[in-house]
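The values are calculated or read from the model by the stated rules, or taken from the named source; none is laboratory data. Since we're looking at a predicted model, the values are computed, not measured. We place every Cβ from the backbone using ideal geometry, glycine too, and count neighbours over all the protein chains shown. SASA here: full protein model, heavy atoms, side chains in, ligands and nucleic acids out. Shrake-Rupley method; radii C 1.70, N 1.55, O 1.52, S 1.80 Å.
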Amino acid sequence: MPLSPPITVRPLTTAAEMRAGVEVYRTAFALSATDPAVSPRLLAALSRNAGSVIGAFAGDELVGFTYGFLGSDSTTVYHYSQVAAVLPGWQGRGVGRTLKFSQREYVLSTGVTVMRWAFDPVRTHNAHFNFDVLGATGRWFTRDLYGVEDSGRDPGMRTDRLIVEWDLLTDTARDLPRPPHVGWAEVRREPDGDVLVGMPRDWDGLVSSDRRAAHHLRDDVADALTRLTGEGLRAISCRVCDGHTAVYRFRPSREEG
């Protein structure tokens with residue numbers, strides 16, 4: 001269904017647009033006015049130095065934006081996408097997808113063919129988007145990437161992150177079967193070599209209802225993902241199996257397609 005009003009995606013260019021991007025970031029991640037956020041000056045510098053700073057506009061209103069920069073390791077040059085933020089009222093309406101594919105077009109225009117980014121693996125809606133919609137893979141797990149969260153949606157919790165890699169030339173949406181039920185943080189090894197891991201479908205709801213249980217579950221999830229990625233398995237899917245549970249699917253890297 002077409003978005004109403006239609007969405008226009010283009011680079012952010014003016015100081016006012018950079019400031020608007022910061023406000024979208026604050027709102028999307030529930031930051032207060034005094035909490036740290038991305039700087040308009042940083043966005044301006046990135047936009048002039050091989051970074052991506054791309055906004056989604058509904059009319060004149062900025063409703064989402066993404067930014068990233070060039071990165072490399074010993075084997076790969078890639079574009080690292082630091083943030084994709086969408087205003088709450090526009091989430092789940094295709095804005096994030098439009099932004100990500102626009103960022104993909106920009107990165108390919110620079111001659112780079114790989115993107116990476118990090119996300120919190122307990123947020124299974126994001127996992128489904130990354131793996132099943134985009135076709136990216138979760139390759140590395142880092143415990144407490146940014147230190148203990150002191151603001152935003154999960155204050156007092158570790159910032160565990162799964163690092164995603166997206167091959168911009170070959171990776172496409174995956175249509176894998178609906179998984180069976182697997183208990184939260186349970187690791188189930190399938191006869192075909194896939195490994196399933198259960199997660200709460202609604203992490204924020206769990207935190208609100210039983211914060212202590214959420215803390216313990218985050219520990220169990222971190223242990224499971226550390227072990228699986230250490231074995232060379234990659235996350236390729238995350239699908240809902242019932243009203244309370246979503247299930248990750250990991251696969252040995254040689255069979256990740």
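Quick notes on this structure:
- Using 0.36 nm per residue and subtracting the Cα-Cα separation, the extra length available between Ser32 and Ala45 on full extension is 2.3 nm.
- Counting protein heavy atoms only, the chain has 51 percent of its accessible area on carbon and sulfur, 1.4 angstrom probe.
- Helix 15-28 axis versus longest C-alpha principal axis of the chain: approximately 30°, rounded to the nearest ten.
- Take the Cα of Thr8, step 7 Å toward its Cβ, do the same at Asp210, and the gap between the two points is 5.0 nm.
- For the peptides 49-55, 190-196, 89-95, the ranking by packing is 49-55, 89-95, 190-196, with the highest mean count of neighbouring Cβ atoms within 10 Å listed first.
- Global geometry of region 38-108, whether rounded, prolate or oblate, following the gyration tensor of its Cα atoms and the 1.5 cut on a/c: prolate
- Rg/Rh for region 125-210, where both radii come from Cα atoms and Rh is the Kirkwood radius: 1.00
- Convex hull (Cα only) mean projected area of the chain, reported in nm² to one decimal: 14.2
- Using only side-chain charges placed at the Cβ, +1 for Lys and Arg and -1 for Asp and Glu, the dipole size of region 109-257 relative to its Cα centre rounds to 60 debye.
- Convex hull volume of the Cα atoms of region 1-61, normalised per residue: 101 Å³.
- Å² per residue, accessible surface of the chain at 1.4 Å: 48
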